[in-house]
Amino acid sequence: MAVNRMFRTCPTTGLKFHQPADALIRWNAVVGVVALLVGGILALLVTLTRWQTVHLLAPDAFYMVLTGHGLNMLVFWIIFFEIAVLYFAGSTLLNCRLAAPRWAWAGFWLMVIGWLMNNYAVFVRQDSSVMFTAYAPMGAHWTFYLGLILFAVGALIGCFVFFATLAVGKSERTYNGSVPLVTFGALTAAIIAVFTIASGAIILIPTFLWSIGMVPTIDSLMYRHIFWAFGHSSQQINVSAHVAVWYAGAAILFGAKPMSEKVSRTAFLLYILFITIASAHHLLADPGLTSKWKILNTSYAFYLAVLASMVHGLTVPGAIEVAQRQKGFNKGLFEWLRKAPWGNPVFSSIFISIIGFGFLGGISGVILGTEQLNLIMHNTFYVPGHFHATVVLGTTMAFMGITYFLIPVLFRREMAFPGVAKWQPYVFGLGMTVFSLFMMGAGTLGVPRRHWDVAFSGNPLGFEFPRHRVADDRTDGDRRCARGRGRCDVPAGHRLLGVPRQEDRDARLPARAGARWRRAGADRFGGRIAHRDRRRGHARLVRLGHVRPGDRVPGGLRAVLLHQLEVPVHRLAAEVTLRKRRQPRAQRHPHASGDLAREGGGQVPRERSSADGNGSTTQEMRRWQASPKPHLPGPAPGGPPIGRSPRLRRWSGCSSCASGSSSGSPPSPGSR
C-alpha cells in the first residue's frame, strides 16, 4: 500500500505516474524547453546576421552567438527532453516505479550545472567562440569543456537509471513478454547514448586537460574523428527517440499497432548496429582516413541505417491507415487520411515530422553520405540545411507533438491558447521546410557555412557567387538539333535567384519581337560581357567578344568555358545572329552576323537571302575566311584544331555546326 500511494492515475488517459518519475519528467522537459527558447532567440540573431541586407552582428558577436545556438539546440534542448522521454517510456509505460530516484536527481543537477557552465564560458567570458564542434587547435576556456563533461556524465546517469527501471519492471512483473515498442525505441536511444557519451569522454577529457595545460597538444585529425563519434551519434539518439514518439502518437491518437512489431524492432536493431558507424559524412574530406574506411561507412553501413528509417517511415502511416479503416473510413484511397484529426496539434506535429524527416532530412543525408557529392557539398550551407531538416523538422517537431499531449497529463492544466496551438505546427513546419530547402539550394551554389560575411567584403581575394548555372552538359542547341528543329544556339544559363548585377542590367538589350538586336556593349564593356536574349524565357548568348583568362563573364558561361571546351582559350569569338521567327528555315544559320567590328580585321559579311541567285553570300564568306584575322586563335600547340575539337562541338550545338576550318572561322551557309 505504501508503494501504491506513490502513484497517481491520470483520469483522462489512465496512465500511472510514479511521483518521483513524474517530477523528473516535468523538470527535464521544462529545462529543455528553456534551452530551446534560448537557442531559438540565438537562431534569430544568426539569421539576421547572415542576411546580407541586415548584417546585424559584428564578427566576434556572430561567432559567439553561433556557438551558443548550436550547443543549446543540438545538445542541451534535445538531451534534456530525451531524458524525460526515457523516464516516461520506462516508468509510466511499464507501470513501475523509477529505480534510484536520488541518482536520477543527481544526474539532472549535473546536467543543469554543465549547461549553465558551458553558456557562462560562451556568453559571459566571451572567449569560447569555437562553435559546436570546437575543433582543435582552436581552444576554449576550461569551463567550456568541463561543462560539456558534467552534462555528459549527468545524461549517462539518466541512461543507467532507465536501464535499472527496466530491470525493476521485469522483476516486479508489471508487464508481460517483451517491453512495449515505444519503450524498445527508447531503449535503442539509450544504448546509442552510452556509446555517444563514451566517445565524448574519450576526446573531451584530454581536451579539458589540454585547456588547463596538463596535456601539451591535441592531434586535430584524431580530435575530429572521435568527436564525430560523439557529435553525429548524438543526432542518432534523436532519430531513435523521435521514431519512438511516432509510434507513441499513433497509439495514443488512433490505438494503432504496427503491422509487424518484429519488423519494427529489427529496424531499431539496425540503428544500434549501423547508424553509429554510418556517421562519417563529416569526415569524407579528411585526408587522414583510408578509402576503405570511407567506402564501408558510406555504402553498406549507410544503406542499412537508411533502410531502418524507411521501415519506420512506412510502418507508422500504415498502422494509422489500418486503425482508421477499422473505424469505417474506407471510401476511396485516402478517406482515412482526410478524416484524420488535422486540428489536433499532436497529430499534425507528428505527421509533419514524418514527412519532413523522410523526404528532406533523409534524402539530403543520403546525398551527403555519397562521397563524390560530399566533396562538393562539404562545408557549404547544404550541411546545416540537412541537419535542420532532421533535427528541427524531424526531432523537434515530434517532441512538440508529444508535448501537446503531456502538458494536460503531467501538469494537469488546460492548454492555453488552443487556437494558436492548432496552427503552430503548420506555421513552424512550413517555415522550417522553406528554410531548409533554401539553405540546401544556397549550398549547391557554394555558399559557405559558418561565415559571418558570405560576400567576403573587404578581403583581398573576394569571391562572387554565380547567379547563373549550367544545368546540363549538353547545350540547348544540341537538344534542339536532336529534335530536328535545325536551330543551334549557345546557352549562357538562366538566372536562378537574386537581382542581376549592374553590368548585367546594362548589357541587357531591348526585346522587341522580330527586331534586330542593336550592337551594344563592345566598347563600353571591352567586349567581355555576354549579351543575352530573354525573349523565349531563358538566357541565350548573342555575342561574346575577346574572352581571356580572368575576364569577367557570367558565372554560368565561365563554367562552360572552363569545363565544356577544355581547350586553351586565349580569345574566343562566337557569332550568333537572331532572326525573325517567320524567316524560312533554310536561311537560318547561327554563325553569320553583320556589322560586328573586329580589331585588325574586316567585317563578317551580313548573310543575305540566297534567292538573288548570284551566289554573293558564298563568295563573301570565302573572302572573309581567306582574309587575315590576327584576333582569332589558331590551333593549340600540339593539340587538335579548335574548330574540330569534340568538346567544341557540344559548345557549338551539334556536330555539323562545328565542322569549320581549324582557324576558327564560321562555316559557309551551305555546309548544313
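The values are calculated or read from the model by the stated rules, or taken from the named source; none is laboratory data. A quick note: this is a predicted structure, and the numbers were derived from the prediction, not measured. Counting neighbours? That spans all protein chains shown, and the Cβs are built from the backbone with ideal geometry, glycine included. Heads up: the accessible areas ignore ligands, DNA and RNA and are worked out on the full protein's heavy atoms, side chains in. Shrake-Rupley method; radii C 1.70, N 1.55, O 1.52, S 1.80 Å.
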Given a Förster distance of 25 Å, report the FRET efficiency between Y120 and V215 from their Cβ-Cβ distance, rounded to the nearest 0.05. 0.60
For D60, the accessible surface traced by a 1.4 Å probe with all protein chains present amounts, in square angstrom to the nearest 10, to 130 Å²
Using only the heavy atoms of the protein chains and a 1.4 Å probe, how would Y145, Y120 rank by accessible area, largest first? Y120, Y145
Could you work out how far apart the two model spin labels at K339 and V30 are, taking each label as a point 7 Å from the Cα in the direction of the beta carbon, and quote it in nm? 4.1 nm
Give, as ranges by residue number, the residues of the range 358-376 whose backbone N falls under 12 Å from the point 7 Å along Cα→Cβ of S291. none
Net lengthening on full extension, L437/R102 (0.36 nm per residue, minus Cα-Cα): 116.1 nm
So for the pair F456, Q424, with labels modelled 7 Å out along Cα→Cβ, what separation do we get in nm? 4.3 nm
Using a 1.4 angstrom probe on the protein heavy atoms only, line up E414, E335, E261 by accessible area, largest first. E414, E261, E335
Only residues of the range 216-238 count here: report those whose backbone N is under 12 Å from the spot 7 Å along Cα→Cβ of I205, or say none. none
Not counting ligands, DNA or RNA, and with a 1.4 Å probe, what is S299's accessible surface area in Å² rounded to the nearest 10? 20 Å²
Extended-chain gain in nm, criterion 0.36 nm per residue less alpha-carbon gap, Q372 and M222: 51.7 nm
Accessible surface of T13 - all protein chains present, 1.4 Å probe, nearest 10 Å²: 60 Å²
Could you compute the FRET efficiency for N95 and K327, with r as their C-beta to C-beta distance and R0 at 22 Å, rounded to 0.05? 0.20
